[in-house]
1. Relative contact order, percent, of chain A when contacts are C-alpha pairs under 8 Å separated by at least 6 residues?
2. What is the sum of charges, Lys and Arg at +1 and Asp and Glu at -1, for the other residues whose Cβ falls under 15 Å from the Cβ of A:Phe113?
3. Using the Karplus curve 6.51 cos²θ - 1.76 cosθ + 1.60 with θ = phi - 60°, work out ³J(HN,Hα) for each residue of the stretch A:63-76 in order, rounded to whole Hz, and write x for Gly and Pro.
4. How large is ³J(HN,Hα), in whole Hz, for each residue of the stretch B:155-170 in order, when computed from phi with the Karplus curve 6.51 cos²θ - 1.76 cosθ + 1.60 and θ = phi - 60°, using x for Gly and Pro?
5. Once label points are set 7 Å from the Cα along Cα→Cβ at both A:Leu103 and B:Leu213, what is their separation, rounded to one decimal in nm?
6. Modelled label-to-label distance, B:Val148 and A:Leu93, 7 Å Cα→beta-carbon offset: nm?
7. 5 Å is the cut-off here: which amide hydrogens, built 1.01 Å from N in the peptide plane, fall below it relative to A:Val238, excluding neighbours closer than 5 in sequence?
8. Please list, in order along the stretch B:197-205, the HN-Hα scalar couplings obtained from phi with the Karplus expression 6.51 cos²θ - 1.76 cosθ + 1.60 (θ = phi - 60°), rounded to whole Hz, x for Gly and Pro.
Amino acid sequence: MHVHFLDPYRPLVSPIHALDGRVKFVLTVAFILTVSLTPYGAWPVYLLLLSLMISVEILSGLGVGFVLRRANLALPFVLAALPLVFTTPGRELARLPIGPWTLVATVEGMLHFINVALKSWLSVQAAIVLASSTPFPDLLLAMRAVRIPRLLVAMFGLMWRYLFVLADEGLRLMRARASRSGHARRVDGEARRARAGGSLGWRARVTGGMAGSLFLRAIERSDRIYVAMLSRGYDGEVRSFALPPLSLRAQSTLWIGLSVLGILWLTGLLAWG
Amino acid sequence: MFLHPEPMHIPDGFLSTIVAIVFWAISIAAVAFALRRTGKQLGERQVPLMGVLAAAIFAGQMLNFSVTGGTSGHLLGAAIATILVGPWPAVIVMTTVVSIQALIFQDGGLLALGANLFNMAIVGVAVAYFAYTSLRRMLRSEPWGLLVSGFVAAWASIFIAALAAALELAVSGTSPANVAVPSMGGIHALIGIGEGLITVGALAFLYATRRDLFSAQPAGAKGGAAVWAFGLGIALLLAVLSPLASAHPDGLEWVAEQKGFLEAARGPLFRLIPDYVFPGVSNETLATILAGILGTLLVFGVALGVAYLRRNRKAAA
C-alpha cells in the first residue's frame, strides 16, 4: 500500500486529538454554521472566530502553518466571488479599463469580497483540523451518533477501506500507461510541444480504457468481498457496536464549545444583524 | 494528486445560510428516499458493490489526461455510476464520494455539502439517467448507441450540475448570475467533454469484456420513470432558467435583496463599535487603523497565550 499519504490524519498527542470524535464533529459543524451566520461587516466577531480557530490549531499540535498551507487548496474558488468587487454599488475605489469597457471597483464590493473569502477561509480551517486530528473510524462513530442512516455510514466505511486498495490499482494503471505510451522527447528544431502518446482522441481513449479497467477490477473485487463477507456470517444486515457513552469531560467540552459559539453568534446578530 | 481543486465543489462561505439549509433539506429527503429504495429493491450483494464502486470513482479521478494548456480531463463519475448500477444506487454511490471529499479532503464545504450533493449526486445522476435511457431507447438498433448515449449522459450531467451550482451562487448573492452562469457553464461544457470521452472509453472497454453488466438495464429499475421525469424536468428548468437569470440578473438579485432586506429590517439592536469607528477618536481613518491594530493584537495575543500554555504543559509532562 503506497498511498497512505492520502489519509489526512496526523497521529499526534494533543488535547484536540484526545477529544471525543463526536464532540469534535458537532463542534466543527457548529463553528462553520456560526461563521456562516455571522453577518456582513461584523469584523470583530470574525477576529474572535479566527483567534478561536488559531488557538485550536496550536493546541492540536498540527501548527498554524500546516493548516494554512492545506487551506490554500480551497483558494481558487474565491475567483467565483471576484465579480462582487465590481458589481456592488458604492464608493469608487479604482477603475480598470479593459478594452472598450471600464470596470469600477468599489469599497463596498471589496469588503463584500473579503467577507466571503474570510468565511470560506475560516470554515475550511475548521474542516482541516477535524480531518487531521480525528481517525476515520472515530468520524464514522460520530456520524452514527448524529443519526446518519446506518447503511450510508457502512458505505462510507467500505469506501474508505477499499479506497487505498483501488488507489493502488489506479497508480499501477498509470505506471503501465507511462511505461507503454512512449514519452516523445522534443526533437531539436521542432517547435511542437512534446507530450506523451498520440492525439487527444487517443489519449482520451486510453484513459477511458484505464477507467473501465479500474471499474472492472472494482466490480470483480466486490464479488470476492461479498463472498468473503458471506462466509463470515453476513446476512444483508449491517451491524455495529453500541456507541460508547460520552465522558463527563467530553460532555462539558461540548456544552462549553456550543455556548461560546452561541455567544459569538448572538453578538454578531445583535450588534451587526 | 487527488487534490486538484474541482470548480464544481462549492466551499463553505459561498452560499448564504438559508440557501445552504434549503439544499440540505432537499438532499436529505432525496438521499433518504434513495436509501429506502435501494434497501428494498436490491439484494445484500449490492452493499459491497456500492462501497467499492464509490472507491473506484474516487480513485478514478486521478486518471487524467492532458488536454491543453495545463488543463486536464478527468472523471467525476455520476454518469458511469448511473449506467452501471442504476439511478437509486448511483445516488448512494455519489453521495458517498461527495461526502468523503468534503469531510476528509475539504473538496467542497460541510455546510455547502447539501447543495453539492444536490448538484452532483441528485441532479447529476437524474440528468445522466434521463439522457442515457432516452437515447438508448432511440438508438436501440444502432451498435454505437451505447457510446453516444454514454457520452451525452456524461456531458449533460456535468453541464447541468454546473448550471445548478452557478444558480445557487447567484441566489446566495455571491456571484452575479450574468457572470456565474456563463463562466461555470462554459468551463463545464469543456470539462464535460473530457468526462464524456473517458466515460465512452470506459463503457467501450466494459462492453467488450463484460457484456453481462449491460444486460440488466437500469431502464428496468423500479421508480425509473420518476427519476427520468425528474431528470428531464431539472434539465429543462435549468436550461431555461439559467439564460433567463443571466439575461436578467436583477430577478435573482431581487430575491437576494428581499432576503437581505428582511435581515436589514431587523436593524442593529446596539453597536459595540459604532460605524466601525473607535469611540473617542474623531479621525475616521485613524480610528479604523486603530481598530485593525487592536484586532490583530488580540488574535496574536490569544495565539501566543495558547502556545505558551501548551509549552508549559509539555515541559511539565
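1. 30
2. On the way: positive: A:Arg91, A:Lys119; negative: A:Glu108.
Surrounding charge for A:Phe113 is +1.
3. With coefficients 6.51, -1.76 and 1.60, one gets x, 5, x, 4, 5, 5, 4, 5, 5, 4, 4, 8, 5, x Hz.
4. 5, 5, 5, 5, 5, 5, 4, 5, 4, 4, 4, 4, 5, 4, 5, 5
5. 4.4
6. 5.1
7. Distant-sequence amide H within range of A:Val238: zero hits.
8. Listing the rounded values in order: 5, 5, 4, 4, x, 5, 5, 4, 4 Hz.
Every number in this text was worked out from the coordinates using simple rules, so none of it is lab data. Worth saying up front: this structure is predicted, and the values here are computed from it rather than measured. Ideal geometry is used to build each Cβ from the backbone, glycine not excepted, and the neighbour counts take in all protein chains shown.
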